[in-house]
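S.K.: Structure provided below as structure tokens; questions to follow.
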Amino acid sequence: MDRRIAEERFFKGLMYVSLFIVLGCLISVFAIVIIKGIPSLNISMVTETPHGGYYLGGGGGILNAIVGSLYLAAGAVILATIISIPTAWYLQNFPRSSRFASSTRILLDIAAGIPSLIYGAFVFLIMVFLQTEASLFWGIITVALFLVPLLTRAVDEVMQTVPKKLMDASYALGATKLETVFHVVTKQALPGILTAVLVAFGRGIGDAASVLFTAGYTDAIPVSITDPVATLPLAIFFQLSTPFPEVQERAYASGIILLVIVLITCVGSRYLSKKFTKYCVK
Amino acid sequence: MTRYSRDRVISSVLFVPAVFSSILLFVMVIVLFWKSEAILSTKPLVDLLLSSSWRPVAGNFGYLPFIMGTIWVTALAMILAIPISLLSAIYLSEYAPPRIRDTIQPVIDLLSGIPSVIFGLFGILLIIPLIKNSVAPLLGINSSGYCILAGGLVLAIMVFPILISLSFEVFQTVPREMREAALGLGATNWEAVKHVVLKKTYPGVIAVIILGFSRAFGETMAVLMVVGNVARVPSSVFDPAYPLPALIANNYGEMMSIPLYDSALMFAALLLLAIVVIFNLMAQYVLMILRKVE
């Protein structure tokens with residue numbers, strides 16, 4: 001009897017230790033970036049583009065990268081939504097056990113697991129084939145491509161949780177399949193769809209590997225879709241690769257800015273989904 | 001137009017984006033394969049994969065250092081992450097009161113939303129100095145800190161959220177009555193976990209681990225920032241390594257200036273894609289069997 005209780009205690013202790021490690025890691029990620037970044041965080045970081053010699057320690061900020069990342073992520077999320085939501089609608093047309101729908105879902109799951117770097121390499125090959133230069137446009141295409149499977153599956157999962165009874169009620173009133181999908185399923189799934197879109201936005205903002213080849217890098221804020229564009233993660237990466245400590249410290253400060261944007265997206269998605277839940281049938 | 005024919009028309013319009021998103025995967029494989037043909041026609045596949053000489057200027061493309069680098073970093077990360085994540089997930093699923101569970105879950109979601117470059121920053125600021133100044137001297141090794149251990153630690157932290165949230169979901173599929181039956185027979189909570197929950201869900205747990213592996217293989221930026229990037233087959237965790245994603249990300253700039261280099265990098269991308277797809281298929285297969293059993 002004693003042995004069994006000791007075993008219970010032992011494993012419970014291990015669980016506490018594990019959870020402590022996980023939460024401790026999260027806190028230290030935040031803490032170290034904030035502690036190291038705060039000293040060089042100032043208002044010109046977010047209001048100015050890099051001046052001449054910025055990467056040698058000159059003045060300026062990383063407004064180019066902040067705006068660039070927002071343009072890129074917003075464009076990509078809009079494009080990805082335009083493709084993903086109709087795909088999810090299409091999948092709802094099939095019975096939940098249908099072979100076609102489930103194999104499409106598996107394909108999308110696999111595509112969602114492919115590293116974003118590969119999407120970058122793929123779009124880069126297309127760009128070489130068309131002989132065009134890296135630009136905001138190709139950056140948006142790349143990020144949108146890797147968001148499509150993620151977003152489609154997330155939206156599809158939310159739509160699948162809509163109770164069957166609700167759809168039956170709609171059919172009983174004479175609605176067609178698609179009318180039910182548009183007016184009942186989509187409306188009911190709206191909070192979840194919003195969350196999925198904002199999570200996708202967060203992924204788009206944070207991803208560096210995919211736009212490394214395709215979006216280029218510039219110190220100016222892009223004025224057209226054919227301009228190259230800087231992104232925040234790459235700005236951090238490049239500032240960190242300089243040999244000057246004061247520029248590296250700016251990378252830590254840029255890290256704080258990126259964390260803040262991701263946090264706002266995260267909190268915003270929770271708030272919005274809560275707000276829209278009141279329009280759902282409970 | 002009647003409502004039913006409108007239904008049919010819209011349905012066929014929706015077919016277009018659905019096809020687009022499903023064939024994307026195939027298109028990528030075909031394009032990468034087509035680009036890799038040049039390098040594949042120079043030497044037999046086995047020679048490419050097992051040669052450790054990487055000198056693009058001389059036309060030597062041996063992938064062994066990169067493959068081994070990827071395996072070392074990924075395996076180390078998974079060895080560190082699997083027990084911690086599974087135990088955390090068991091706690092959240094089987095032990096935690098609802099209030100604690102509801103507070104911790106958003107935190108784990110948040111962890112999964114943190115951009116990889118931030119984890120790289122974390123590695124450079126905390127883990128590298130730690131290895132350089134404390135761990136390596138303690139073991140009598142001289143290390144710059146940029147090594148497999150650093151990459152593995154950073155990567156382990158990055159796969160925590162996916163391992164925890166997926167295995168939590170798997171544990172939740174066990175009906176409550178089954179646990180109650182075990183507890184009713186006098187089992188301790190841990191015995192119920194061991195003999196009922198884990199026994200019932202072990203295929204699912206395996207699928208989760210495979211998915212975690214495939215996620216870890218592809219992680220680029222964070223690992224690239226801390227792992228040292230030296231193209232040599234590593235022999236200890238304090239050696240630097242050069243994983244496949246880092247190879248692609250670091251060298252795309254000059255790949256057009258050296259003959260065959262572009263093809264060699266695209267073959268690296270294809271290799272990575274193939275590994276990830278195979279691992280994903282394995283996980284899906286395990287999950288499919290699991291569903292059939294149910």
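Bear in mind that the values in this text are calculations on the coordinates, not laboratory data. What you see is a predicted model, and the numbers here were worked out from it, not measured in a lab. Neighbour counts run over all protein chains shown; Cβ positions are idealised from the backbone, glycine included.
S.K.: Taking the alpha-carbon centroid of each part, what is the distance from the range B:211-288 to the range A:132-190 in angstrom?
M.R.: For the range B:211-288 versus the range A:132-190, the Cα centre distance is 32 Å.
S.K.: Of the listed pairs A:Lys165/B:Lys292; A:Lys164/B:Lys199; A:Lys274/B:Lys199; A:Lys165/A:Lys275; A:Lys12/A:Lys164, which have alpha-carbon separations greater than 28 Å here?
M.R.: Pairs exceeding 28 Å: A:Lys164/B:Lys199; A:Lys274/B:Lys199; A:Lys12/A:Lys164.
S.K.: So which residue, out of B:Arg176, B:Arg101, B:Arg215, gets the largest mean-square fluctuation from a GNM of chain B using Cα contacts under 10 Å as springs?
M.R.: Among B:Arg176, B:Arg101, B:Arg215, the largest mean-square fluctuation in the Gaussian network model of chain B belongs to B:Arg176.
S.K.: Follow-up question, since we're still on this one. When the dipole is taken about the Cα centre of chain B, and only Lys, Arg (+1) and Asp, Glu (-1) are charged at their Cβ, what size is it in debye, to the nearest 20?
M.R.: So the dipole magnitude of chain B works out to roughly 400 debye.
S.K.: Could you work out how far helix A:136-160 tilts from the main Cα principal axis of chain A, as a 0 to 90 degree angle to the nearest 10?
M.R.: 30 degrees
S.K.: Now for a separate question. How long, wide and thick is the range A:112-164, going by the Cα atoms along their three principal axes, in whole angstroms, largest first?
M.R.: 50, 19, 14 Å, listed from the longest principal axis down.
S.K.: Treating the beta-carbon of each Lys and Arg as +1 and of each Asp and Glu as -1, no other charges, what is the dipole magnitude of the range B:195-294 about its Cα centre, to the nearest 20 debye?
M.R.: 580 debye
S.K.: Along the Cα-to-Cβ line of B:His195, 7 Å from the Cα, sits a label point; which residues in the range A:1-27 have backbone N less than 19 Å from it?
M.R.: What the label zone holds, given the 19 Å backbone N cut-off, is A:1-12.
S.K.: Could you point to the residue in B:Val197, B:Tyr4, B:Val135 farthest towards the positive end of chain B's charge dipole, with +1 and -1 charges on the Cβ of Lys/Arg and Asp/Glu respectively?
M.R.: B:Tyr4
S.K.: Go ahead and collect, in residue order, the members of the range B:241-279 whose backbone nitrogen is under 20 Å from a label point 7 Å along the Cα-Cβ direction of B:Asp47.
M.R.: Label zone hits: B:259-268, B:271.
S.K.: While we're on this one: If the cut-off is 19 Å between C-alpha atoms, which aspartates and glutamates fall inside it for A:Lys36, apart from same-chain ones fewer than 8 positions away?
M.R.: Partners found: A:Glu246, A:Glu249.
S.K.: Per residue, what volume in Å³ does the Cα convex hull of the range A:179-282 take up?
M.R.: Taking only Cα atoms, the range A:179-282 has a hull volume of 133 Å³ per residue.
S.K.: Based on the alpha carbon coordinates of the range B:117-239, what radius of gyration and maximum Cα-Cα distance (Dmax) apply, in Å?
M.R.: Rg, Dmax (Cα atoms, Å): 19.7, 58.
S.K.: Shielding of B:234-246 by partners, i.e. mean partner chain Cβ atoms within 10 Å per residue?
M.R.: Shielding by partners across B:234-246 averages 1.
S.K.: When you look at the Cβ of every residue in B:169-177, what mean number of other chain Cβ atoms sits within 10 Å?
M.R.: If you average over the peptide's residues, the count of other-chain Cβ atoms is 0.
S.K.: Evaluate the relative contact order of chain B (contact order divided by residue number), counting alpha-carbon pairs under 8 angstrom at least 6 apart; express in whole percent.
M.R.: Relative CO of chain B lands at 28 percent.
S.K.: Tell me the Kirkwood hydrodynamic radius of the range B:98-176 in angstroms, computed as one over the mean inverse distance between distinct C-alpha pairs.
M.R.: With all distinct Cα pairs of the range B:98-176 included, I get 14.6 Å.
S.K.: Let me ask another. Mean residue ellipticity at 222 nm from the helices of the protein assembly as shown, using -39,500 (n - 2.57) per DSSP H segment of n ≥ 4 over the full residue count, to the nearest 500 deg cm²/dmol?
M.R.: Per the formula, -23500 deg cm²/dmol.
S.K.: Using a ≥ b ≥ c from the Cα gyration tensor of the range B:1-129 (square roots of the eigenvalues), is it rounded, prolate or oblate, where a/c under 1.5 gives rounded and otherwise the larger of a/b and b/c decides, a/b for prolate? Show your work: numbers first, answer last.
M.R.: Numbers: a/c = 2.76, a/b = 1.06, b/c = 2.60.
It comes out oblate by the Cα gyration axes.
S.K.: Next up: So what's the angle, to the nearest 10 degrees on a 0 to 90 scale, between helix A:186-206 and the longest Cα principal axis of chain A?
M.R.: With rounding to tens, the tilt is 20 degrees.
S.K.: So what's Rg/Rh here for the range B:181-274, counting alpha carbon atoms and using the Kirkwood radius for Rh?
M.R.: 1.28
S.K.: Hey, another quick one. Connecting C-alpha atoms closer than 10 Å in a GNM of chain B, tell me which of B:Ile114, B:Ile67, B:Ile162 has the biggest fluctuation.
M.R.: B:Ile114
S.K.: Averaged over A:34-44, how many beta carbons belonging to a partner chain fall within 10 Å of each residue's beta carbon?
M.R.: Across the residues of A:34-44, the mean count of other-chain Cβ atoms within 10 Å is 1.
S.K.: Dipole of chain A, Cα-centred, from +1 at each Lys and Arg C-beta and -1 at each Asp and Glu C-beta, to the nearest 20 debye?
M.R.: I would put it at about 1380 debye.
S.K.: Please work out the ratio of the alpha-carbon Rg of the range A:44-279 to 2.2 N^0.38 Å and round it to two decimals.
M.R.: 1.18
S.K.: In the protein assembly as shown, if the dipole is taken from +1 on Lys/Arg beta carbons and -1 on Asp/Glu beta carbons about the Cα centre, which of A:Leu130, B:Met221, A:Val260 is farthest to the positive end?
M.R.: The residue sitting most towards the positive pole is A:Val260.
S.K.: Taking amide H positions as placed in the peptide plane 1.01 Å from N, state which residues far from B:Asn60 in sequence (5 or more) or on other chains have amide H under 5 Å from it.
M.R.: Result for B:Asn60 returns B:Arg55.
S.K.: Also, I was wondering about something else. Classify chain B as rounded, prolate or oblate, taking a ≥ b ≥ c as the square roots of the eigenvalues of its Cα gyration tensor: rounded when a/c is under 1.5, otherwise prolate if a/b is larger than b/c and oblate if not.
M.R.: It comes out oblate by the Cα gyration axes.
S.K.: Something else: Based on alpha-carbon centroids, what's the gap between the range A:202-228 and the range B:1-60 in Å, whole number please?
M.R.: 23 Å
S.K.: Let me ask something else about it. Roughly how tilted is helix A:245-276, in degrees to the nearest 10 and between 0 and 90, from the longest Cα axis of chain A?
M.R.: Around 20 degrees separate the two axes.
S.K.: Would you mind classifying the protein assembly as shown by shape? Square roots of the alpha carbon gyration tensor eigenvalues, ordered a ≥ b ≥ c; an a/c under 1.5 is rounded, otherwise it is prolate if a/b is larger than b/c and oblate if not.
M.R.: Rounded, since a/c falls under 1.5.
S.K.: A further question follows. Among B:Val154, B:Val16, B:Val107, determine the one that fluctuates most according to a GNM of chain B built with springs between C-alpha atoms less than 10 Å apart.
M.R.: B:Val16
S.K.: Indicate the helices, whole DSSP H runs only, in chain B that combine a mean Kyte-Doolittle hydropathy of 0.0 or more with a Cα extent along their long axis of 15 angstrom or more.
M.R.: TM-like helix candidates: B:3-40, B:64-90, B:98-113, B:148-172, B:198-218, B:261-293.
S.K.: Calculate, in nm to one decimal, what B:Ala58 and B:Val9 gain on full extension: separation in residues at 0.36 nm each, minus their alpha carbon distance.
M.R.: Additional length available on full extension: 11.8 nm.
S.K.: Let me ask something additional. Need the list of lysines near B:Lys35 for cross-linking: C-alpha distance under 18 angstrom, and skip anything on the same chain fewer than eight residues off.
M.R.: Output for B:Lys35: B:Lys43.
S.K.: Excluding B:Pro245 itself, calculate the net charge of residues whose Cβ lies under 15 Å from the Cβ of B:Pro245, where each Lys or Arg counts +1 and each Asp or Glu counts -1.
M.R.: -1
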